[in-house]
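Only one structure is covered here, and it is reproduced in the block below.
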Amino acid sequence: MFAGHISFHTPVAQDLSNLDAIIATLSPFADPANSGITQFTNGFVVEQTHLPDGRETLPFVCSTTGIVVCFWGRIDNRDTVLQKLAIKANPHNAAIVLAAYQKWGVKFAENFQGDFAIAIYDPRENHLIFARDIFGAKPIYYAPHDDGICFANSIPTLRKLVPFQLQRSHEWMAKFILSPFAPMHHEKTAFETVIKVAPGHVVVINADKTIAKIDLSDWDEATTVVTQRDPKNVTAHRNALEAAIASRIDNTHPMGVENSGGLDSTSIIALLAKQMTKPVPDGMISFSRISASREEQCIQDMNALVGIKNAHMESPTNDDPIETITQDLAVLGFPACYGCEISLSLLATAAQKYNIKTMFTGFGGDEVATNYGELISVEYIQRRDYRGLWQFIPGHFLKKPFRFIAQILLNGRDKNQQTNIEADAQYEIDTHLLDQDIVDQYDLEATQRAEWFDVLNHHSINSEIVNGTLTQPFIDARMHDHTLFGNAYGIEYRWPLWDVRIVENYLRTPSIEKVGPKRVWRYLHRRAVDDILPASIVWQNSKHMGKPIMTRDIRNAKTQCYNEMARELLDDLHPDLVKLVNVKRLSQQIDAASKRMNGEVDEEDTFYWERVHNLYSLNLWCHQD
């Protein structure tokens with residue numbers, strides 16, 4: 001991680017003791033493997049790492065040009081880049097970045113694949129450059145002021161740098177009350193004057209404070225049409241998976257894996273087990289959150305299959321919500337839109353008990369690598385391939401003609417899709433805790449409805465991925481939240497399924513490979529991992545893992561806890577939130593939740609907890625200033 005303060009025309013005076021405090025915020029619960037400070041007349045930069053990367057001093061400064069390079073992450077196509085640069089040695093990544101910048105200029109990052117955040121200060125040009133990888137695994141925030149720029153990988157660090165008080169964004173807070181997904185944005189943040197570098201972008205800030213933004217993304221959504229499946233496509237997918245694992249594997253430390261028992265996470269575990277050099281019992285530890293009845297057995301079966309001996313499971317029913325909120329705010333510096341898939345206590349166990357430096361997760365599967373391919377019927381109808389559509393239709397031969405005709409009349413869509421979307425959108429409108437005047441002020445209902453119905457705008461599997469999924473800020477938000485949670489304990493999160501090679505290969509694979517006969521979804525990936533996973537996982541019909549683990553007693557205890565938090569909010573709502581919150585609706589929901597305690601466990605209980613949790617987080621954040 002790194003942070004800095006650059007003033008383009010005036011000297012920057014910085015107290016050394018404050019620099020130590022800045023470094024301490026980079027990873028609050030772990031000591032770095034290496035750290036350093038570079039100071040110069042018009043600024044300074046601090047950097048630290050948790051994994052040795054070949055650099056003796058941090059940050060890296062070119063001895064001839066004075067160019068300062070900060071690098072956090074990996075370059076997965078190092079060999080290709082070194083060949084393009086005609087470099088025969090094996091330099092560290094920051095040196096490769098410098099050489100790439102000197103050869104290709106500000107568009108240097110378009111040659112890189114991997115997870116990375118980069119900052120370059122070039123004193124010759126007197127400009128500052130930021131770059132993030134295509135998926136946005138690692139964040140960069142910056143705040144312009146007077147004559148310069150403060151920047152950091154996290155908000156708590158940035159707050160130590162800026163010479164002014166950061167102002168919370170009321171629009172961001174309003175959207176967060178509506179839904180934690182609503183304020184997610186590639187550039188806008190929870191603070192008025194803080195900007196995030198968008199994923200897959202280079203940002204150049206010049207001495208005259210002009211800012212140039214270069215988009216490096218270039219996905220090809222063209223659909224390859226064939227009528228026969230080819231085993232070579234399955235092999236290509238498997239090869240891409242294995243290459244993604246090989247780029248991320250850490251054979252020097254024990255590795256952590258998030259194991260849900262589902263197809264995505266178990267695929268990662270099985271592929272790691274095949275490639276790691278240490279015996280699995282010594283080199284891989286499993287971490288899980290159990291929330292459904294079948295999960296524990298699936299997790300245990302997978303651990304037994306590959307030989308994992310150290311497995312940690314916990315239930316979210318045991319969480320202390322206030323402790324979770326407090327930790328989230330300490331690490332992120334603002335309310336968590338996503339939160340951590342495993343608790344921070346499990347991350348602490350991973351770091352402190354096992355010295356884990358990398359945590360692998362299966363996030364990214366549903367989005368691309370193991371995408372369901374549900375728009376294939378739309379594709380068939382768009383190109384009038386009725387023979388292909390007929391083979392795709394499941395069911396008894398007497399009923400199949402009626403299903404076939406229905407699919408044509410519905411243009412390949414699920415007959416209940418629009419109705420279900422409408423119901424979900426209306427539910428959000430009816431239950432959110434935001435004052436209606438604020439909803440109208442920011443036109444949030446229309447904005448949210450457009451988001452809900454966006455899925456209907458796409459007419460092919462690839463179009464939905466390229467123009468839908470890959471443009472969504474939830475990917476960036478989830479990845480950088482987990483990056484910061486892990487880094488707080490000295491752990492690098494790794495997402496093998498968010499790999500350029502996998503995504504590009506999936507997009508160029510014919511659609512017929514992605515969905516099997518009679519609607520076997522995720523067909524390409526299932527066949528690619530069929531030899532390394534149990535059939536019960538590979539070929540299970542859905543992601544449904546059984547009934548939620550929630551007894552009435554547990555539900556009532558959690559509801560009681562959240563009712564107390566909600567009443568505390570009514571008594572101590574921050575002035576900035578008083579005009580945003582629909583207090584009457586909150587009171588009504590407290591009463592409704594109390595009444596439900598006499599009945600069976602209801603899905604509405606979970607939604608109520610989430611609304612109170614988010615509002616409490618927002619309120620505590622406001623009170624911290």
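The values are calculated or read from the model by the stated rules, or taken from the named source; none is laboratory data. Every value quoted in this text rests on a predicted model; they were computed, and no experiment measured them. A quick note on method: Cβ atoms are made from the backbone with ideal geometry, for glycine too, and the neighbour counts reach across all protein chains shown. For accessibility, only protein heavy atoms count, side chains too; no ligands or nucleic acids. Shrake-Rupley method; radii C 1.70, N 1.55, O 1.52, S 1.80 Å.
Quick look at the numbers
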| read-out | value |
| --- | --- |
| Checklist (1) touching a strand residue (DSSP E or B) at 6+ places or on another chain (Cβ under 6 Å); (2) surrounded by 18 or more Cβ atoms within 10 Å (Cβ to Cβ) applied to P316, failing item | (2) |
| Among (1) under 17 Å from N541 (Cα atoms); (2) free of Cβ contacts under 8 Å to residues at least 12 places away in the same chain - the single one D264 does not satisfy | (2) |
| Qualifying residue in the stretch 234-245 (condition: in contact with a Gly (Cβ under 6 Å, 6 or more places away or on another chain) and open to solvent by 30 Å² or more (accessible area, probe 1.4 Å)) | no |
| Cβ pairs under 8 Å, 6+ apart, first in the stretch 602-622 and within 17 Å of N582 (Cα to Cα), second of a type in the set (K, R) and assigned to a helix (DSSP H, G or I) | W609/K558 |
| Among (1) over 13 Å from L615 (Cβ atoms); (2) surrounded by 13 or more Cβ atoms within 10 Å (Cβ to Cβ); (3) touching a strand residue (DSSP E or B) at 6+ places or on another chain (Cβ under 7 Å) - the single one K558 does not satisfy | (3) |
| Residue among Q436, Q391 that is open to solvent by 70 Å² or more (accessible area, probe 1.4 Å), under 23 Å from V583 (Cα atoms) and not β-branched (V, I, T) | Q436 |
| Count - residues of the stretch 345-385 that are within 19 Å of W495 (Cα to Cα), open to solvent by less than 10 Å² (accessible area, probe 1.4 Å) and outside any loop (DSSP other than H, G, I, E, B) | 8 |
| Cβ pairs under 7 Å, 6+ apart, first in the stretch 136-152 and β-branched (V, I, T), second part of a loop (DSSP other than H, G, I, E, B) | I140/N153; I140/V197 |
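Residue-wise test of (1) part of a helix (DSSP H, G or I); (2) surrounded by 19 or more Cβ atoms within 10 Å (Cβ to Cβ).
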{"position": "E110", "(1), (2)": "yes, no"}
{"position": "I118", "(1), (2)": "no, yes"}
{"position": "A137", "(1), (2)": "no, yes"}
{"position": "T157", "(1), (2)": "yes, yes"}
{"position": "L166", "(1), (2)": "no, yes"}
{"position": "W172", "(1), (2)": "yes, yes"}
{"position": "K175", "(1), (2)": "yes, yes"}
{"position": "A182", "(1), (2)": "no, yes"}
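Conditions (1) at positive phi; (2) open to solvent by less than 60 Å² (accessible area, probe 1.4 Å); (3) of a type in the set (F, W, Y), marked per residue:
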site: F8; (1), (2), (3): no, yes, yes
site: I22; (1), (2), (3): no, yes, no
site: A30; (1), (2), (3): no, yes, no
site: Q39; (1), (2), (3): no, no, no
site: T49; (1), (2), (3): no, yes, no
site: C62; (1), (2), (3): no, yes, no
site: V81; (1), (2), (3): no, yes, no
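Quick grid of which residues meet (1) basic (K, R); (2) touching a residue at least 60 places away in the same chain (Cβ under 8 Å):
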{"residue": "V503", "(1), (2)": "no, yes"}
{"residue": "P510", "(1), (2)": "no, yes"}
{"residue": "R519", "(1), (2)": "yes, yes"}
{"residue": "V529", "(1), (2)": "no, yes"}
{"residue": "R567", "(1), (2)": "yes, no"}
